[in-house]
1. For n ≥ 4 DSSP H runs only, could you compute -39500 (n - 2.57) per run for the chain, divide by its residues and tell me the 222 nm figure to the nearest 500?
2. Report the label-to-label distance for W344 and L577 in nanometres (one decimal), using points 7 Å from each Cα along the Cα→Cβ vector.
3. Is the stretch 530-588 rounded, prolate or oblate when judged by the Cα gyration tensor, a ≥ b ≥ c being the square roots of its eigenvalues, rounded requiring a/c under 1.5 and prolate requiring a/b larger than b/c?
4. Once the other residues with Cβ under 14 Å from the Cβ of G361 are scored (Lys, Arg +1; Asp, Glu -1), what is the net sum?
5. Collect residues whose amide H, placed 1.01 Å from N in the peptide plane, falls under 5 Å from the amide H of S520; neighbours closer than 5 in sequence don't count.
6. Per residue of the stretch 220-227, in order, report the coupling 6.51 cos²θ - 1.76 cosθ + 1.60 (Karplus, θ = phi - 60°) as ³J(HN,Hα) in whole Hz, putting x for Gly and Pro.
7. Can you list the aspartates and glutamates whose alpha carbon sits under 18 Å from that of K591, skipping same-chain ones fewer than 8 residues off?
8. Could you please state, rounded to a whole Å, how far the C-alpha centre of the stretch 433-458 is from the C-alpha centre of the stretch 628-704?
Amino acid sequence: MYSEVNDNIQATQRSPHPPGSILLEEKKKKTISLQKHVAKKIKQTCSCSPDKAKDTLFGLLPVLQWLPKYRLKEYLLGDAMSGLIVGILLVPQSIAYSLLASQEPVYGLYTSFFACIIYFLMGTSKHIHVGIFGVLCLMVGEVVDRELQAAGYNKLEGDSLDALIRNETLNINQTSTMTCDKSCYAIRIGATVTFMAGVYQVLMGIFQVGFISVYLSDSLLSGFATGASFTILTSQVKYLLGLSLPRVGGIGSSICTWIHIFENIHLTNICDLVTSILCLLVLIPTKELNECFKSKLKAPIPVELFVVVGATLASHFGHLKENYGSSIAGEIPTGFLMPKPPEWNLVPNVALGALSIAIIGFAITVSLSEMFAKKHGYEVKANQEMYAIGFCNIIPSFFHCFTTSAALAKTLVKESTGCKTQVSGIMTSLVILLVLLVIAPLFYSLQKCVLGVITIVNLRGALKKFLDLPKMWKVNKIDTVIWLVTMFSSALISTELGLLIGIAFSMLCVIIRSQTSISSLLGRVEASEVYESMAVYQNLNTTKGIQVFRFEAPLYYVNKQSFKSALYKHVGVDPVLVALAEKKAAKKKEKLKKQEGSPAEMETCLQLYQEQMPLHSLVIDCSAIQFIDTAGLNTLKDVLKDYNDIGIRVLLAQCNMSVRNSLRNGDYFKKEEGTMAFYSIHQAVQFALYAQEQTDACVNGSAV
């Protein structure tokens, strides 16, 4: 380090104001009374005009804006191909994911059909696919199983659509009497959860509380998805082995499920096991080929559809159910069931579970829509996305559907196959409609183990996140720890508690980060007015008698003590200890006077005290302090007072407007503000030199 030559900042050529001082005149803010402001807002909200009605309608249904501008020749082919391919891939996945949600296969098809149409009308993203999503299906399935068990359906047998309707009184909130089989009651629970999730999402849109997604960081969502993928994999293993095991819910459900699997592994259905192995041997390599050659393939190979068709034909003509007891999908009816409202009596029971489902569904949808909008250069409206995904749940809940959100894997397929607009969603819904009206009964003999394999193979993306851990660790260790904590808690405890634990741990990390914030002394880059950390860069200039300190965090009640400790440590002068030393020196001086000590001894005492004071000014760089609270303000006041008491001036530099206002309102500026807070570090240093020069001149003048 070099000692800065003071000649270049000597205050010989002075302006009317001290060096470093800048006088800025702030704009006067127009003050509007609260009564007038509220009246104006009410008038704007309640007023109605044709233009406002049109804007409201176009805002709620964006399709009315972009569809008239649709370029038929340019967009139609890409949208049609994309929608067709996604629809073909979606049919087997819709049937498979129904098992995750504890529903019959037909309800997965209903869900995919309605979600595509509603998002076409209300969505603002051109590329994302809204439909069934594995993690949400799992969360819905956990709520459904819990309520089925509470209602006593775990004692009933025969849970297919053609099961005989039983007239049995069940204890539901000790008030409701149901005459419905297990399958029927399961979809009522799922529809109620879906309705409540949609209501929450619409309310988030109305009250504009999308900030909730801020607490769901990318590492947290990724860890949650990977942990939930383990739970999904665990829930599907019984289908691969052909075991009839009850679904375990609650804390530690995955561990309990594996225990049950190993306890009953001797009951494995060999036919289902062989089928599962063959399907895995076909699906995994083909999926990897699709991934490797996705840039060369115009469309991914629809291997899942081929596997489903081949397995269904083999099961049907081989009579696998009759000969080997293989579990099959059963009857999938054609057409649509009559709409029914959700089960209102269940709302109190599912309200809490639906909230976590709503938040996850919203966060995934908004993050995906913004990611693809940024990639393709257009804008999405996060608030409208909340409305869209909310109504994608509310309206279908009356048509026997379960919760939906954006799905990453199918969105990637949709984008890579030429999708241009939301019209591709209509093409996808037409494919599913064809299956619902004509083809669905042909899947009667499809083995459930094939659906389980399809579900597990589609978890590859989430499980591959483990390969990114070394890189993630290098980039940010705290994010990696958040990922691991969320993943393990979601996998080993439960999905809902795992999400809450992840959020709580993430917020704890924010607090810890602010408490262990970075601080350093700064030096000036030669031949410039730039100041940087001396702990990072070498050959920086320092000014004798002046220390520049930077604190990189908000200053508030959590880290006020760490701010003080870091300041005293870096500056090397603890004003409290120096004040004590000053008192001792004063007492010693008084003692020498009483003992009639020599003037030389008194002078030596004073020199020893002055040598303890290596600086005359302290500049605090506030550029990285976003805000201060009352505790932070009081801490700054204490620092100012303690250092002033021992003759060290404290100057602030680069305070943002929020911090300046807090300092003003908190009466920090006892003197003129322009002599205590500066717009740059260099200006503060110039002023400190000027002020010290004036002080030295006064001392020398008085000594003459």
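The values are calculated or read from the model by the stated rules, or taken from the named source; none is laboratory data. Given the structure is predicted, the values throughout are model-derived calculations rather than measurements. All Cβ positions, even for glycine, are placed from backbone atoms using ideal geometry, and neighbour counts span all protein chains on display. Protein only, heavy atoms only, side chains kept; ligands, DNA and RNA dropped before computing areas. Shrake-Rupley method; radii C 1.70, N 1.55, O 1.52, S 1.80 Å.
1. Rounded to the nearest 500, the figure is -19000 deg cm²/dmol.
2. Inter-label distance under the simple model: 7.2 nm.
3. Here the stretch 530-588 falls in the oblate category.
4. Numbers: positive: none; negative: E385, E496.
Charge balance near G361 sits at -2.
5. Correct list: R550.
6. 5, 5, 5, x, 5, 5, 5, x
7. Straight-distance partners of K591: E582, E601, E603.
8. 74
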